[in-house]
Structure formats: structure tokens, C-alpha cells
């Protein structure tokens with residue numbers, strides 16, 4: 001195991017002192033990069049790209065070749081688990097994900113099985129192994145999965161939704177069925193993340209994209225409680241090194257205290273909450289990741305530097321901040337804007353450490 005040459009991200013996630021604020025970006029390998037689009041064209045489709053470890057490794061590394069980022073995140077998708085369960089994942093050109101066989105019948109829900117990640121998700125694990133080897137300790141590699149509730153939203157709705165009426169009808173009308181799906185998803189997420197850690201992921205992140213659409217009590221029962229179970233099931237060390245965990249609920253600013261008590265090492269926050277307020281609310285319990293509005297990257301260098309400066313100032317002095325956007329990089333973002341962001345974080349953040 002090569003020793004990390006740049007462990008700034010790991011140290012920040014564990015609230016240890018760092019010389020500057022580390023930065024990586026959600027969706028940092030994506031359609032805003034011309035080289036990504038070239039590789040995706042070679043693959044033929046998003047799913048073909050994600051399922052080809054050589055090409056997935058190539059696109060995972062592309063942002064690192066262009067920008068001095070402090071982490072790599074494996075190129076994959078949160079819906080690999082439902083796909084491995086046989087629900088038939090597809091991506092239409094210019095459209096979001098679709099599941100061909102959404103869970104609508106009780107008998108289908110009761111038949112749901114936890115996929116063996118080595119058998120059914122081996123392509124992701126091979127990508128993790130290849131990226132880990134290629135990085136050779138340059139920066140940490142982040143593995144990830146979707147939260148049990150977010151996966152359930154797609155599995156029941158069959159895709160993204162404006163109102164999630166099908167899954168919410170189940171939540172209120174047949175909660176025991178939704179809990180069954182969530183229990184299976186929880187076991188699947190634990191197995192999948194631990195397999196990624198074994199393959200070389202040095203940080204893991206849970207993406208709870210749709211938990212923020214729930215009411216407060218429903219969020220705790222149907223989303224957070226299952227993410228907590230995932231965290232409890234994770235392998236926390238690998239080769240004597242701590243494997244930190246990040247929990248991100250988009251729109252979850254109202255529940256920071258509960259999230260901080262979940263057992264995660266860091267909470268990702270979106271741009272709808274002031275980072276200083278978030279820091280005051282979570283205290284010394286966890287680190288914070290975030291939280292510049294991705295749209296700021298569409299506005300030019302001076303606006304980007306101002307946004308970076310404001311975000312750093314909002315968090316303030318001391319350890320425990322990982323700079324990121326409040327959500328993924330928008331596909332129309334100029335690559336030069338990402339370069340300006342990373343440069344600004346590295347230039348302006350040492351004053352806070």
C-alpha cells in the first residue's frame with residue numbers, strides 16, 4: 001500500500017490540522033470536460049462507460065490531470081445497486097436514469113435480494129483497484145453509494161420524480177413495504193462500500209439525494225436511520241489507516257444535529273445554509289464539506305474568487321473543512337472556472353489554518 005503523498009483530505013475529514021483547506025468536487029469527472037466527452041463517445045453511452053473499468057479509470061483520472069485536486073472520486077453511478085438487483089438500469093440520451101422494472105407489486109418487493117458486489121458489481125471494484133494503483137498514493141480515492149432511501153425512490157418511481165408520489169404513497173400507506181426495501185438496500189450498501197474499501201477506496205460517501213424531500217419525522221425514520229445502520233456496518237480501518245465517511249443529504253440543513261450524531265466523520269452541506277451557522281450547530285462532532293453554489297462557476301473568475309473567499313470566511317479558522325460545491329458540477333461549467341476555483345481555495349485557505 002503506497003503511503004499517501006497528500007493526505008490533506010483525510011486529515012480534514014478527521015478534524016486534524018492541515019496547512020490549507022482541501023478541495024474536490026462532486027461530479028468532478030463529467031460532461032463539462034471535453035476529454036470526458038471524448039471518452040464517453042468512445043464508450044458509446046454513459047452506462048457502457050461506467051461498466052468498462054479501463055475507460056471508467058481514464059475518466060476518474062482526467063480531472064486530476066487537469067486540476068491540482070486533493071482527491072479522486074471513482075467514476076460510477078448511485079444506481080449500480082438497483083441495476084445489480086435486476087431492475088434494468090438505462091440512460092436515455094439527454095435524459096436521467098430509468099429503471100425498466102420498478103417495484104410496484106408486493107411480491108416483487110418481497111423477492112428483492114442483496115447483490116454480491118464481487119459478482120454483480122465487479123466492474124466498479126475493478127475500477128477502484130485500477131484507479132488506486134494509478135494514483136499510487138498521490139491523493140486519496142473516494143468510493144460512494146446512494147443512500148437506502150434515495151435508491152428506494154428510484155426503485156419505486158422508476159426514475160427521478162417531481163413529487164415522488166408513488167414512493168410517498170407507499171411510505172404513508174404501506175410503510176412496512178418501504179421498510180423492507182430499505183432494509184435490503186441497507187445491507188446492499190454496507191456490502192458494496194466495504195467491497196470498495198477492500199479494493200482501495202480510502203474515503204466513502206453516502207449520497208442522499210432525495211432525503212431532503214421528506215418531512216422531519218419521516219427523514220429520521222426512513223432515511224437517516226438507515227444511513228446510520230450503513231455507517232455502523234462499515235469497515236473503519238484498512239491496513240491500519242482510518243477510512244473516513246461523509247454523509248450528504250441534499251436539502252438536509254434542517255437536520256444537521258441528527259446527522260452529526262449518526263456516526264459519520266463529515267457532513268456534506270448544500271449552499272442553502274450558512275457554513276458558519278452549520279459549524280456552530282454541529283460543534284466538534286464532525287467535519288463539514290461544502291458549500292459553494294455550483295452556479296457560481298458560471299459567472300467568471302472574479303465571482304468565483306469572491307465565492308471561495310466568502311465560503312472560507314463563513315467556516316472560519318481551524319480544522320475540519322473540506323471545500324466542495326453544494327452539489328455536482330453543472331455540465332455547462334467552463335473548465336477554466338474549475339481551475340480558478342481550485343487555485344483560489346489553495347491560495348486563500350492557508351490564512352485560516
Residue under evaluation residue 46, criteria (1) modelled with pLDDT under 95; (2) surrounded by 22 or more Cβ atoms within 10 Å (Cβ to Cβ), criterion not met: (2)
Within the range 214-237, how many residues are out of contact with any helix residue (DSSP H, G or I) (no Cβ under 8 Å at 6 or more places or on another chain) and crowded, with 17+ Cβ neighbours inside 10 Å? 4
Of 119, 105, 95, which residue is under 24 Å from residue 198 (Cα atoms) and without any contact (Cβ under 8 Å) to a residue 12 or more places away in the chain? 119
Quick one: residue 90 ticks every box in (1) part of a loop (DSSP other than H, G, I, E, B); (2) touching a strand residue (DSSP E or B) at 6+ places or on another chain (Cβ under 8 Å) bar one, so which box is it? (1)
Find the helices (runs of 4 or more DSSP H) located wholly in the range 96-160 whose residues include 1 or more that are within 17 Å of the chain's Cα centre (by Cα), surrounded by 19 or more Cβ atoms within 10 Å (Cβ to Cβ) and at negative phi, and list them. 122-135, 148-157
Subset of the range 225-241 [under 25 Å from residue 179 (Cβ atoms) and touching a strand residue (DSSP E or B) at 6+ places or on another chain (Cβ under 8 Å)]: 227, 230, 231, 234
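The values are calculated or read from the model by the stated rules, or taken from the named source; none is laboratory data. A quick note: this is a predicted structure, and the numbers were derived from the prediction, not measured. Neighbour counts are summed over all protein chains in view; Cβ atoms, including those assigned to glycine, are modelled from backbone coordinates with ideal geometry.
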